[in-house]
Amino acid sequence: MEDISKLRQYASILMQERKKLEGKILRAKPYIEGSLIKRFTRCGKPGCRCMEGKPHGPFWYLSRRIEGKTRYTYIPKDKAKEVKALTDSNKEIRKARAKIRKITERLDSVFDQIIESRLIEFTKGGGTDD
Ligand SMILES: [Zn+2]
């Protein structure tokens with residue numbers, strides 16, 4: 001059995017961590033699903049710079065899984081930054097939620113240990129009821 005004060009300390013650290021993450025969920029920014037990716041292309045025209053190792057681009061796309069397939073949506077260059085912020089927001093939200101789940105699991109086990117350590121044996125005529 002672990003020392004109860006250590007368990008309490010550990011539990012309160014986890015609770016603080018979870019509270020911070022919960023705050024992130026409450027203040028979640030708008031988001032979109034998917035990832036922003038960039039691509040370079042070769043047009044194939046003879047004599048073009050792309051045929052000499054200088055491809056065209058970058059061109060920006062939003063990559064998303066839709067019904068099991070990866071779909072790419074072209075994103076104009078001037079929108080790329082905005083789309084990146086929206087996909088980053090999604091990743092942040094997902095990360096926070098995953099961490100909350102992990103911490104909750106850990107807390108559950110720490111709570112179990114705290115409660116178990118508080119259990120005393122009841123014996124008739126023993127020290128607990130006189
Ligand atoms: Zn070219």
(message) Nearest 500 deg cm²/dmol is fine: what mean residue ellipticity at 222 nm does the chain get from its DSSP H runs of n ≥ 4 alone, each adding -39,500 (n - 2.57), divided by its residue count?
(response) -17500 deg cm²/dmol
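Can you compute the FRET efficiency between residue 35 and residue 107 using 1/(1 + (r/R0)^6), with r the Cβ-Cβ distance and R0 = 41 Å? Round to the nearest 0.05. Could you put the intermediate results ahead of the total?
On the way: r = 32 Å, r/R0 = 0.78.
Efficiency for this residue pair is about 0.80.
May I ask you to compute the full-extension gain from residue 69 to residue 118, defined as 0.36 nm times their residue separation minus their alpha-carbon distance, rounded to one decimal in nm?
Values: separation 49, 0.36 × 49 = 17.64 nm, distance 5.33 nm.
The residue 69-residue 118 span can extend by a further 12.3 nm.
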(message) Below 18 Å, Cα to Cα, which lysines can residue 19 reach? Residues fewer than 8 away in the same chain don't count.
(response) 29, 95, 99, 102
(request) List the residues of segment 37-70 whose backbone N lies under 11 Å from a point placed 7 Å from the Cα of residue 91 along the Cα-to-Cβ direction. (result) 37
(message) Rolling a 1.4 Å sphere over the protein heavy atoms, what is the accessible area per residue of segment 73-130, to the nearest Å²?
(response) 81
(message) Report the Rg/Rh value for the chain, based on alpha-carbon coordinates and the Kirkwood definition of Rh.
(response) 1.37
(message) From the phi angles alone, apply the Karplus equation (6.51, -1.76, 1.60; θ = phi - 60°) to segment 72-84 and give each ³J(HN,Hα) in whole Hz, x where the residue is Gly or Pro.
(response) 10, 10, 5, 10, x, 3, 6, 9, 4, 5, 5, 5, 4
(message) How large a share of the accessible area of segment 4-118, in percent, is made up of carbon and sulfur atoms when the probe is 1.4 Å and the other protein chains stay in place?
(response) 53
(message) Taking θ = phi - 60°, what integer Hz values does the Karplus form 6.51 cos²θ - 1.76 cosθ + 1.60 yield along segment 108-114, in sequence order, with x for Gly and Pro?
(response) 4, 6, 5, 4, 4, 5, 5
(request) Per residue of segment 40-46, in order, report the coupling 6.51 cos²θ - 1.76 cosθ + 1.60 (Karplus, θ = phi - 60°) as ³J(HN,Hα) in whole Hz, putting x for Gly and Pro. (result) 10, 10, 10, 7, x, 5, x
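The values are calculated or read from the model by the stated rules, or taken from the named source; none is laboratory data. Because the structure is a prediction, the values reported are computed rather than measured. A quick note on method: Cβ atoms are made from the backbone with ideal geometry, for glycine too, and the neighbour counts reach across all protein chains shown. Surface areas here come from the heavy atoms of the whole protein model, side chains and all, with no ligands, DNA or RNA. Shrake-Rupley method; radii C 1.70, N 1.55, O 1.52, S 1.80 Å.
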